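Note sheet for the following structure.
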Amino acid sequence: MLHFELGTIPVAGSENIDIPPGTLASILRQAGLSRWRSTMNYMVVIEKGKASYGAHVPDLPGCIAVGQSREEVLGLIREAIELHIEGQRQASEPVPMPSSVSEYVDVDAALR
């Protein structure tokens with residue numbers, strides 16, 4: 001997967017170099033790639049309720065979904081993430097990079 005940091009571009013055989021803002025977008029437009037897309041992997045927390053499933057994205061506060069099944073809520077949260085990011089871009093707000101991680105922790109529990 002390609003990874004670009006703002007203000008740098010990889011150059012074969014050398015370190016990443018600084019470039020003026022907007023240069024990459026200009027290059028991509030000239031190459032016919034008006035909408036350059038990258039994949040961002042956000043952690044999603046899924047909770048099973050009595051009658052439905054809920055999902056939220058810790059890195060995107062307010063980004064939530066509810067569905068009748070696990071599969072439905074995953075599809076809905078994917079849509080919600082895309083809409084959330086689109087709204088932030090339209091409002092010229094920064095899009096938070098994915099940073100949350102999850103772990104399972106084993107604990108001793110007495111069974112009753």
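Full extension of the chain segment joining M40 with A91 gains 16.4 nm, where the gain is 0.36 nm per residue of separation less the Cα-Cα distance. A full extension of the chain between V101 and Q68 corresponds to an added length of 9.3 nm, given 0.36 nm per residue minus the alpha carbon distance.
How do D108, D59 line up, fewest other C-beta atoms within 10 Å first? Could the numbers behind the result be given before it?
Values: D108 4, D59 16.
If I rank by nearby Cβ atoms, fewest first, I get D108, D59.
For region 45-92, the C-alpha radius of gyration sits at 1.18 times the compact-globule guess of 2.2 N^0.38 Å, with N the residue count.
Read the figures in this text as sums done on the coordinates, not as results from a lab. Note that the coordinates shown come from a computational prediction; the quantities given were computed from them, not determined experimentally. No Cβ is skipped: glycine too gets one built from the backbone with ideal geometry, and neighbour counts run over all protein chains shown.
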